[in-house]
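Peer 1: The structure that follows is given in the form of structure tokens.
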Amino acid sequence: MRHFRSGFFLSVLLVFATASGLAADTDTLPAEKARQAWASGNFTEALSIWRPLASQGDPEAQYRIGQMFENGQGLDQDIELAMNWYRKAAEFGYAPAQFRLGLAYLQGKGQPRDSAKAFKWLERAQKQQWAPAQYALGLLYLEGMGVDRKPAYAMTLLKGAAEQGHAGAQYSLGMIYLQGKNVEKDPAKARKWLLKAAEQQHLQAIYQLGQLDNSNKSDPRKIRLAAEAGFAPAQYDLGAAYATGRNGLDQDFGQAAIWLEKAALQGHAQAQFDLGWLYESGKGVQKSLDQALLWYRKAAENNLDQANYQLGHFYEHGLGVEKDAQRAFNYYQAAAGAGNKEAQYALGVMYDLGNGTQQDFSKAMKWYLKAAAQDQPMAMYAIGNLYANGYGVSKDLKVAKKWYCKAASLGLPQAKQMLGEKTDLHMVCDNPLTSSPEN
């Protein structure tokens, strides 16, 4: 099953959400009643309490009205009004409002983007030990996003947020220690912080712990837990495990299709491609080239090079669509530019034959060489043919033989035939080609 790749590309993501459970400055009965009404979705009642409090200068009430304008809760959504209310509360020193205002300036939400103002408000919030602000600034300083990188300061901020129970910061610390980014790798610390985040149902942390458990084998129980909670990478991994019969699971293409579709519907590009492959091959689902094309197109829209190559193949050979060499060329070109060796070879063939584009042996050679550098045997064989026939290069049977030998060493039957069916490759190819002929 060459399509199904294990693992999942993990990076620290800059994702900020409005925090719940605010530490209110006022704990009066009306304020508590308003919080309860808001939490239960009774926004009209909450607004009736917070409006007069806000007009009297209560910063939490001002902040909450800003939230309601931003989210369209009990009020018509109005981002500019939301920012005005946040600003009132922020200037009063209310950390959650300072945090939201800082993010708004960072994202250009409701006002022009302004990094200086963004950092000013985020710093004010974090100085009050507001965990979401510590987390946000920690990631910004760690990655050098809009500010000079300060890894040590970033770690201080992330630890401050993590120690207050911020799941995102705990997960980020876990990944930093796991990958050894700006710190020495420390699996024990990585597991400690990932466990803390997982205890708060942080799906990425649960998933990552599943990847770490059982040495080099993923723990299907943790992967399934994250998948059932809706985490697309875990859904993909579970589908891939069923498709390949790994991680202690029996091969079951029906289950693979179910989980891959869940991930694909969330925009997971590799899941979209692999689901297309299941429909193309009729494994676990009823064979349907229309469905295969649908999912390949979605994966191509997500810039997956495999999908662009596969679409090129469909259009070149008329699989489920009318043959269209020009469209095939365009898809191959997109995939080849992304480094896909099969597409590089296919693009070389199209230039070689003048199919979908003007014949150009020099461009054919260029793409064949790129594919050959990635050990694509058909590309090596094609280069041998160009030299054997003198197409776009000076005819050179010695160089052609070297390329045939290289392709034959990778088991390509056509290359073995060119050298002679009963040829002893070690005798004939006594000086295997290890670089391009120009070298």
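Conditions (1) among the basic types (Lys, Arg); (2) closer than 21 Å to residue 47 by Cα; (3) touching a helix residue (DSSP H, G or I) at 6+ places or on another chain (Cβ under 8 Å); (4) open to solvent by less than 10 Å² (accessible area, probe 1.4 Å), marked per residue:
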position: 65; (1), (2), (3), (4): no, yes, yes, yes
position: 75; (1), (2), (3), (4): no, yes, yes, no
position: 87; (1), (2), (3), (4): yes, yes, yes, no
position: 104; (1), (2), (3), (4): no, no, yes, yes
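Peer 1: Let me ask something additional. Can you tell me which residues in segment 148-177 are surrounded by 15 or more Cβ atoms within 10 Å (Cβ to Cβ) and not in a helix (DSSP H, G or I)?
Peer 2: 150, 164, 166
Peer 1: Taking the conditions exactly as written (open to solvent by 20 Å² or more (accessible area, probe 1.4 Å) and of a type outside the set (A, V, I, L, M, F, W, C)), does residue 108 satisfy them or not? Steps first, answer last, please.
Peer 2: Values: open to solvent by 20 Å² or more (accessible area, probe 1.4 Å): yes; of a type outside the set (A, V, I, L, M, F, W, C): yes.
Yes; evaluated as a whole, the condition is true for this residue.
Peer 1: I'd like the residue in segment 421-439 that is modelled with pLDDT under 65 and surrounded by 12 or more Cβ atoms within 10 Å (Cβ to Cβ) and, out of all such residues, is nearest to residue 387 (Cα to Cα).
Peer 2: Narrowing segment 421-439 to residues modelled with pLDDT under 65: 421-423, 430-439.
Next, only the ones that are surrounded by 12 or more Cβ atoms within 10 Å (Cβ to Cβ) stay: 423, 432-433, 436-437.
Details: 423: 21, 432: 16, 433: 14, 436: 12, 437: 10 Å.
Only one residue tops the list, namely 437.
Peer 1: Checking the conditions here, which among 320, 348 is farther than 26 Å from residue 287 by Cα, of a type in the set (Gly, Ala, Ser) and open to solvent by less than 50 Å² (accessible area, probe 1.4 Å)? Show your work before the answer.
Peer 2: On the way: 320 fails: farther than 26 Å from residue 287 by Cα.
Among 320, 348, only 348 is farther than 26 Å from residue 287 by Cα, of a type in the set (Gly, Ala, Ser) and open to solvent by less than 50 Å² (accessible area, probe 1.4 Å).
Peer 1: Still on this structure, I have one more. It is to be established whether one or more residues within segment 36-47 are closer than 27 Å to residue 169 by Cβ, hydroxyl-bearing (Ser, Thr, Tyr) and either at pLDDT 95 or above or open to solvent by 30 Å² or more (accessible area, probe 1.4 Å) (or both). So that I can check it myself, show each step before the final result.
Peer 2: Residues of segment 36-47 that are closer than 27 Å to residue 169 by Cβ, as a first pass: 38-39.
This time we only want the ones that are hydroxyl-bearing (Ser, Thr, Tyr), so: none.
There is no residue in segment 36-47 that is closer than 27 Å to residue 169 by Cβ, hydroxyl-bearing (Ser, Thr, Tyr) and either at pLDDT 95 or above or open to solvent by 30 Å² or more (accessible area, probe 1.4 Å) (or both).
Peer 1: Out of 304, 311, 294, 212, I need the residue that is modelled with pLDDT of 95 or more and closer than 30 Å to residue 174 by Cβ. Which one? So that I can check it myself, show each step before the final result.
Peer 2: Working: 311 fails: closer than 30 Å to residue 174 by Cβ; 294 fails: closer than 30 Å to residue 174 by Cβ; 212 fails: modelled with pLDDT of 95 or more.
Exactly one of 304, 311, 294, 212 is modelled with pLDDT of 95 or more and closer than 30 Å to residue 174 by Cβ, namely 304.
Peer 1: Which of (1) small (Gly, Ala, Ser); (2) assigned to a helix (DSSP H, G or I); (3) within 20 Å of residue 314 (Cα to Cα) is the odd one out, the single condition residue 339 does not satisfy?
Peer 2: With (1) small (Gly, Ala, Ser); (2) assigned to a helix (DSSP H, G or I); (3) within 20 Å of residue 314 (Cα to Cα) applied to residue 339, the lone miss is (2).
Peer 1: Anything in segment 403-417 that is outside any helix (DSSP H, G or I) and small (Gly, Ala, Ser)? List them, or say none. Steps first, answer last, please.
Peer 2: Initially, segment 403-417 is screened for residues outside any helix (DSSP H, G or I), giving 410-412.
Correct list: 411 only.
Peer 1: May I pose another question? Answer with yes or no whether residue 345 is assigned to a helix (DSSP H, G or I) and under 21 Å from residue 304 (Cβ atoms).
Peer 2: Yes; evaluated as a whole, the condition is true for this residue.
Peer 1: Among the residues of segment 157-173, is any touching a residue at least 40 places away in the same chain (Cβ under 8 Å) and among the small types (Gly, Ala, Ser)?
Peer 2: We begin by selecting, within segment 157-173, every residue touching a residue at least 40 places away in the same chain (Cβ under 8 Å); these are 168, 172.
Now narrow it down to the ones that are among the small types (Gly, Ala, Ser): 168, 172.
Among the residues of segment 157-173, at least one is touching a residue at least 40 places away in the same chain (Cβ under 8 Å) and among the small types (Gly, Ala, Ser), which makes the answer yes.
Peer 1: Here is a further query. Quick check on segment 404-420. Is at least one of its residues closer than 25 Å to residue 354 by Cα, open to solvent by 80 Å² or more (accessible area, probe 1.4 Å) and modelled with pLDDT under 95? Even if it seems obvious, please write down each step before you answer.
Peer 2: Going through segment 404-420, the residues closer than 25 Å to residue 354 by Cα turn out to be 404, 407, 412, 414-415, 418.
Subsequent filtering for residues that are open to solvent by 80 Å² or more (accessible area, probe 1.4 Å) retains 418.
Still in the list and also modelled with pLDDT under 95: 418.
The answer is yes, given that some residue of segment 404-420 is closer than 25 Å to residue 354 by Cα, open to solvent by 80 Å² or more (accessible area, probe 1.4 Å) and modelled with pLDDT under 95.
Peer 1: Any idea how many residues of segment 366-398 are assigned to a helix (DSSP H, G or I) and in contact with a Lys or Arg (Cβ under 6 Å, 6 or more places away or on another chain)? Outline the logic, then answer.
Peer 2: Let us first name the residues in segment 366-398 that are assigned to a helix (DSSP H, G or I), namely 366-372, 377-389, 397-398.
Going one step further and asking which of them are in contact with a Lys or Arg (Cβ under 6 Å, 6 or more places away or on another chain), we end up with 371, 380.
So the answer is 2.
The values are calculated or read from the model by the stated rules, or taken from the named source; none is laboratory data. Predicted, not measured: the structure shown is a model, and the values here were computed from it. Methodologically, a virtual Cβ is constructed for each residue, glycine included, from the backbone with ideal geometry; neighbour enumeration extends over all protein chains shown. Note: accessible area is taken over every heavy atom of the protein model, side chains too, but ligands, DNA and RNA are not part of it. Shrake-Rupley method; radii C 1.70, N 1.55, O 1.52, S 1.80 Å.
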